[in-house]
Amino acid sequence: MEKTLLIIKPDGVKRKLIGEIIQRVEKKGLEIKELQMKRLTLNEVEKHYEMHKEKDFYKDLIEFLMSGPIVLIIVEGENAIEIIRKMAGKTDPKESDFGTIRGDFSINILENIVHTSDSRENAKKEILNFFNI
Ligand code: CMP
């Protein structure tokens with residue numbers, strides 16, 4: 001069994017896609033283990049996106065993630081990391097396939113609806129950053 005972190009970003013919440021996204025995850029057969037809606041602190045966002053610190057979009061990314069409430073979801077299941085990444089689609093919505101969350105609901109590389117962990121190591125780190133488990 002694998003755990004991964006799925007974040008519904010402020011654009012996903014504003015556009016009322018929480019139910020749609022959770023339904024897709026559950027219908028696929030994965031389990032929602034933890035779920036929390038909150039506003040992230042600057043500290044949490046900076047830690048989460050530490051690897052993008054030098055990127056030119058970093059400031060916009062931090063501001064965007066703090067622009068409204070987000071939903072943090074721990075998803076569990078066999079191969080959950082890879083499956084959730086596939087369900088999210090490519091980072092850039094103009095490259096993500098229809099049928100994926102980003103391919104169906106986004107046109108913007110920054111405001112791309114969801115974040116998903118990309119490896120077991122990062123899933124563990126990201127989950128620990130947001131949950132006391
Ligand atoms: P995410 O999967 O959360 O990982 C890093 C985030 O940075 C990404 O989704 C986008 O929201 C954002 N991002 C990645 N590349 C770019 C880019 N070229 N311009 C603006 N934002 C980006």
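The values are calculated or read from the model by the stated rules, or taken from the named source; none is laboratory data. These numbers come from a predicted model, not from an experiment. We place every Cβ from the backbone using ideal geometry, glycine too, and count neighbours over all the protein chains shown. All accessible areas refer to the heavy atoms of the entire protein, side chains included, with ligands and DNA or RNA removed. Shrake-Rupley method; radii C 1.70, N 1.55, O 1.52, S 1.80 Å.
The one condition from (1) open to solvent by less than 50 Å² (accessible area, probe 1.4 Å); (2) at pLDDT below 95 that Glu44 does not meet is (2). Against the conditions (1) farther than 17 Å from Asp118 by Cβ; (2) in contact with a helix residue (DSSP H, G or I) (Cβ under 6 Å, 6 or more places away or on another chain), Glu2 satisfies every one except (1). Is there a residue in the range 54-75 that is charged (D, E, K, R), part of a strand (DSSP E or B) and open to solvent by less than 100 Å² (accessible area, probe 1.4 Å)? Looking for residues that are charged (D, E, K, R), part of a strand (DSSP E or B) and open to solvent by less than 100 Å² (accessible area, probe 1.4 Å), one finds none in the range 54-75, hence no.
In the range 102-122, the residue that is least open to solvent (accessible area, probe 1.4 Å) out of those that are closer than 24 Å to Gly68 by Cβ and more than 11 Å from the ligand (Cβ to nearest atom) is Gly103.
Look at the range 43-69: where a residue is of a type in the set (Phe, Trp, Tyr) and a partner is open to solvent by 30 Å² or more (accessible area, probe 1.4 Å) and outside any loop (DSSP other than H, G, I, E, B), sitting 6+ places away or on another chain with Cβ atoms under 6 Å, you get Tyr58/His52.
If the condition is being farther than 24 Å from Arg39 by Cα, open to solvent by 80 Å² or more (accessible area, probe 1.4 Å) and either assigned to a helix (DSSP H, G or I) or among the basic types (Lys, Arg) (or both), then the range 76-86 contributes Glu82, Lys86. Close Cβ contacts (under 7 Å, 6 or more residues apart or on different chains) running from residues in the range 17-28 that are under 12 Å from Thr100 (Cα atoms) to residues that are open to solvent by 30 Å² or more (accessible area, probe 1.4 Å) comprise Arg24/Met87; Val25/Ile32.
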